[in-house]
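Worksheet for the structure shown next.
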Amino acid sequence: MASKKNVNEIISFSSTKELAEDIDKLTKDIGYSNRSELIRDSIRMLKKSKLDIDKMDGMVEGVIITLYDHSVETEVSKVRHGNMELIKSFMHTDFNERTKTCCDVLFISGQADNIKKLLFSLGVVKNVNEVKFFVA
């Protein structure tokens with residue numbers, strides 16, 4: 001009888017055509033044998049990043065860089081304004097007129113639990129493409 005540890009579970013998800021093409025290109029460019037390997041590795045990286053954030057404790061200072069589609073600027077702004085007690089200063093720029101990419105750089109200081117909530121609140125906004133956190 002096979003151990004449950006060795007049995008793969010099939011998980012499916014929906015994707016835009018562009019994202020599926022990106023996955024295929026990354027799979028080929030990086031040298032993964034298939035999409036599943038790329039996706040598994042990506043999830044492991046996301047899990048590690050979350051674990052690193054979960055370990056934060058006490059007072060934390062750093063920088064959050066957020067890249068997002070201009071169409072969600074209002075939602076990102078709501079998250080930012082709801083956390084102004086953590087944000088010491090911020091910059092905003094529109095990077096690319098063609099792709100409508102925006103970038104916010106937030107300089108933050110506050111309790112780790114509040115910083116975690118801010119990071120996860122930004123990360124779950126649809127069409128936020130990337131949230132990076134750098135501890136000072």
Residues that are outside any strand (DSSP E or B), under 21 Å from Gly123 (Cβ atoms) and at pLDDT 90 or above: does region 53-67 have at least one?
no
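Mind listing whichever residues of region 127-136 are within 11 Å of the chain's Cα centre (by Cα) and either of a type in the set (Val, Ile, Thr) or not in a strand (DSSP E or B) (or both)? Steps first, answer last, please.
Keep residues of region 127-136 that are within 11 Å of the chain's Cα centre (by Cα), which gives 127-133.
Passing the criteria: Asn127, Val128, Val131.
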Just wondering, is there one or more residues in region 30-43 that are exposed (fewer than 13 other Cβ atoms within 10 Å of the Cβ) and in contact with a strand residue (DSSP E or B) (Cβ under 8 Å, 6 or more places away or on another chain)?
no
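Does region 73-82 contain at least one residue that is among the small types (Gly, Ala, Ser), in contact with an Asp or Glu (Cβ under 7 Å, 6 or more places away or on another chain) and outside any strand (DSSP E or B)?
Checked against the condition, which is being among the small types (Gly, Ala, Ser), in contact with an Asp or Glu (Cβ under 7 Å, 6 or more places away or on another chain) and outside any strand (DSSP E or B), region 73-82 yields no hits at all.
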Search result, residues across region 80-136 that are in contact (Cβ under 8 Å) with a residue 60 or more places away in the chain, touching a helix residue (DSSP H, G or I) at 6+ places or on another chain (Cβ under 8 Å) and among the basic types (Lys, Arg)
Lys116
Residues located in region 102-120, provided they are in a strand (DSSP E or B) and either farther than 18 Å from Glu75 by Cα or among the β-branched types (Val, Ile, Thr) (or both):
Val105, Phe107, Ile108, Ser109, Gly110, Gln111
How many residues are more than 17 Å from Asn129 (Cβ to Cβ), surrounded by 11 or more Cβ atoms within 10 Å (Cβ to Cβ) and not β-branched (Val, Ile, Thr) when one looks only at region 10-29?
1
Restricting region 63-79 to residues that are without any contact (Cβ under 8 Å) to a residue 40 or more places away in the chain and among the charged types (D, E, K, R), the one surrounded by the most Cβ atoms within 10 Å (Cβ to Cβ) turns out to be Glu73
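The values are calculated or read from the model by the stated rules, or taken from the named source; none is laboratory data. Quantities reported herein were computed from a predicted structural model and do not represent experimental measurements. Reconstructed Cβ throughout: ideal geometry from the backbone, glycine too, with neighbour counts over all protein chains shown.
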